[in-house]
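Since every read-out is calculated from the coordinates, none of them should be taken as a lab result. Just so it is clear, the structure is predicted and the values come from calculations on it, not from any experiment. For neighbour counting, all protein chains shown are included, and Cβ atoms are generated from backbone atoms with ideal geometry for every residue, glycine included.
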Amino acid sequence: MKEPSRLAVSILIPLYNEEENLRPLFQKIREVLPALSGEAEVIFVDDGSTDGSYRVLQELKEEADGVRLIRFRRNFGKSAALRAGFRAVRGARVVIMDADLQDDPAEIPGLLAKLDEGYDLVGGWRADRRDRFVKKWTSRVYNLVTSTLTGIRMHDFNCGLKAFTREVIQAIPIHGELHRYIPVLAHRRGFRVGEVRVTHHPRAHGESKFGPYRFFAGFADLLTVLFLTRYFKKPLHFFGGFGMLFFLIGFFIDFVLLIGSFFGDTIRTRPLLFLGILLMLIGLQFISTGLLGEMLALGREEEEQEYLVRESRD
């Protein structure tokens with residue numbers, strides 16, 4: 001094993017219950033390694049598998065050099081597995097991929113070649129996706145909405161096959177389930193994000209971890225990312241906008257009722273009166289929340305570095 005500073009590529013594979021896929025996956029990775037420039041390592045992160053996945057991983061480690069293992073005590077989720085792997089990688093460039101054999105290791109040289117063109121992060125685009133109809137079309141909706149709201153022109157945000165420089169993983173904190181939005185977070189930090197078409201295979205063994213919860217959780221995480229990337233440093237712009245909207249609607253309702261009272265209308269028992277008051281109170285609450293957020297953000301601004309310096313010359 002080379003020293004950490006001399007490793008060229010780290011291939012990081014989070015997994016959960018993929019016993020039947022691990023050996024053929026590693027065989028395909030070994031076939032690709034000679035095409036990579038420099039030494040490489042393969043890091044498997046077992047996210048609390050309950051089948052024989054870790055036993056297979058131990059066998060692979062004994063059979064081949066450059067294999068490293070991380071094992072969780074229970075299932076913590078893909079983001080946690082990636083965080084643990086990111087802390088352990090030694091390569092100057094990092095490739096992440098799923099262990100279900102749907103992503104093809106033969107695509108790794110193409111992703112790294114795209115990085116050499118000046119990109120900091122390159123994602124795979126499963127143009128001919130080999131999944132069930134529901135999974136395929138929910139993913140298309142998800143990608144369309146994400147691209148529209150974030151302004152990043154990518155076709156496949158959630159492809160498990162990605163390559164990026166070490167600087168990217170050092171600059172982007174991934175918490176919760178935000179691994180889906182690594183390209184968004186990287187773009188926000190000023191990194192150059194690209195995409196290449198990759199081959200996608202149907203799942204041969206095991207069960208997909210996709211379900212309705214993950215679809216809706218993805219959109220909930222999208223809201224989190226939008227807030228973190230656009231309003232984290234200026235929360236009043238977010239809360240204040242909604243606050244002013246509610247306040248003005250409530251004020252308009254009560255103003256119209258007040259004008260009507262001059263012409264003989266009784267407003268004391270009108271439900272709209274209380275609705276207008278309620279909306280104004282809600283608006284004030286939103287604005288107050290935004291002001292509190294601004295004070296908290298101001299207190300954190302001196303502790304955290306918002307910008308990343310690419311180059312400095314004297």
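Add +1 for every Lys or Arg and -1 for every Asp or Glu among the other residues with Cβ under 15 Å from the Cβ of ARG130, and state the total.
On the way: positive: ARG126, ARG129, ARG132, LYS135, LYS136, ARG140, ARG197, ARG203; negative: ASP98, ASP100, ASP103, ASP104, GLU107, ASP128, ASP131, ASP156.
Around ARG130, the surrounding residues sum to 0.
Give me the dipole magnitude in Debye, nearest 20, for region 4-230 about the Cα centre, with unit charges on the beta carbon: positive for Lys and Arg, negative for Asp and Glu.
On the way: 35 positive and 29 negative charges, 164 e Å.
About 780 debye.
Find out how many positive minus negative residues lie around ALA186, taking Lys and Arg as positive, Asp and Glu as negative, among other residues whose Cβ is under 13 Å from that of ALA186.
Numbers: positive: LYS162, ARG166, ARG180, ARG188, ARG189, ARG192; negative: ASP120, GLU167, GLU195.
Summing Lys/Arg as +1 and Asp/Glu as -1 gives +3.
Each label point is 7 Å from the Cα along the Cα-to-Cβ direction; what then is the distance between the points at SER261 and ARG132, in nm?
5.9 nm
Where the only charges are on Cβ atoms (+1 Lys, Arg; -1 Asp, Glu), what is the dipole of region 29-87 about its Cα centre, to the nearest 20 debye? Write out the running numbers ahead of the final one.
Values: 10 positive and 10 negative charges, 98 e Å.
With only Lys, Arg, Asp and Glu charged at Cβ, the dipole is about 480 debye.
With θ set to phi - 60° and the Karplus curve 6.51 cos²θ - 1.76 cosθ + 1.60, what are the ³J(HN,Hα) couplings of region 105-110 in order, to the nearest whole Hz, using x for Gly and Pro?
x, 4, 7, 4, x, x
Along the Cα→Cβ direction, 7 angstrom out, place labels at PHE274 and GLN170. What is the inter-label distance in nm?
Taking the two extended label points, one gets 6.1 nm.
Using only Cα positions of region 18-162, each an equal point scatterer, no hydration layer, compute I(q)/I(0) via Debye at q = 0.12, 0.13, 0.15, 0.17 Å⁻¹ and quote the log10 values to two decimals.
-0.56, -0.66, -0.89, -1.12
Would you mind ranking ASP98, ASP116 so that the residue whose beta carbon has the fewest other beta carbons within 10 Å leads the list? Write down the numbers at each step before the final one.
Working: ASP98 20, ASP116 10.
Taking fewest neighbouring Cβ atoms as first place, the list is ASP116, ASP98.
Using the beta-carbon distance between LEU248 and THR148 and R0 = 22 Å, what value does 1/(1 + (r/R0)^6) give for FRET efficiency, to the nearest 0.05?
Numbers: r = 27 Å, r/R0 = 1.23.
E(calc), rounded to 0.05, equals 0.25.
Could you compute the FRET efficiency for ARG55 and GLU31, with r as their C-beta to C-beta distance and R0 at 25 Å, rounded to 0.05? It would help to have the intermediate numbers written out before the result.
Details: r = 23 Å, r/R0 = 0.93.
Once the sixth-power term is evaluated, E becomes 0.60.
Can you put GLU117, GLU107 in order, fewest other beta carbons within 10 Å first? All intermediate terms of the calculation are to be shown ahead of the outcome.
On the way: GLU117 9, GLU107 20.
Fewest-to-most Cβ neighbours within 10 Å comes out as GLU117, GLU107.
What list of ³J(HN,Hα) values in whole Hz, one per residue of region 146-157 in order, does the Karplus curve 6.51 cos²θ - 1.76 cosθ + 1.60 (θ = phi - 60°) give from phi, with Gly and Pro shown as x?
4, 4, 5, 6, 8, x, 9, 7, 10, 8, 8, 5
Region 20-94 to region 126-161: how many Å between their Cα centroids?
Distance between centres, Cα-based: 26 Å.
By how many nm would the segment from ARG203 to ARG71 grow when fully extended, if each residue of separation counts as 0.36 nm and the alpha-carbon distance is taken off?
Working: separation 132, 0.36 × 132 = 47.52 nm, distance 2.37 nm.
Difference between extended and current length: 45.1 nm.
What list of whole percents do you get for P(r) of region 1-81, with Cα-Cα distances grouped in 10 Å bins up to the one holding the largest distance?
Calculated over all Cα pairs of region 1-81, the distribution is 18, 50, 29, 4 percent.
What does the extension gain come out to for GLU62 and ALA92, with contour length at 0.36 nm per residue minus their alpha carbon separation?
Working: separation 30, 0.36 × 30 = 10.80 nm, distance 2.50 nm.
Difference between extended and current length: 8.3 nm.
Find the Rg to Rh ratio for region 71-121, where Rh is the Kirkwood radius over alpha-carbon pairs and Rg uses the same atoms.
Numbers: Rg = 13.1 Å, Rh = 12.9 Å.
Radius of gyration relative to Kirkwood radius: 1.02.
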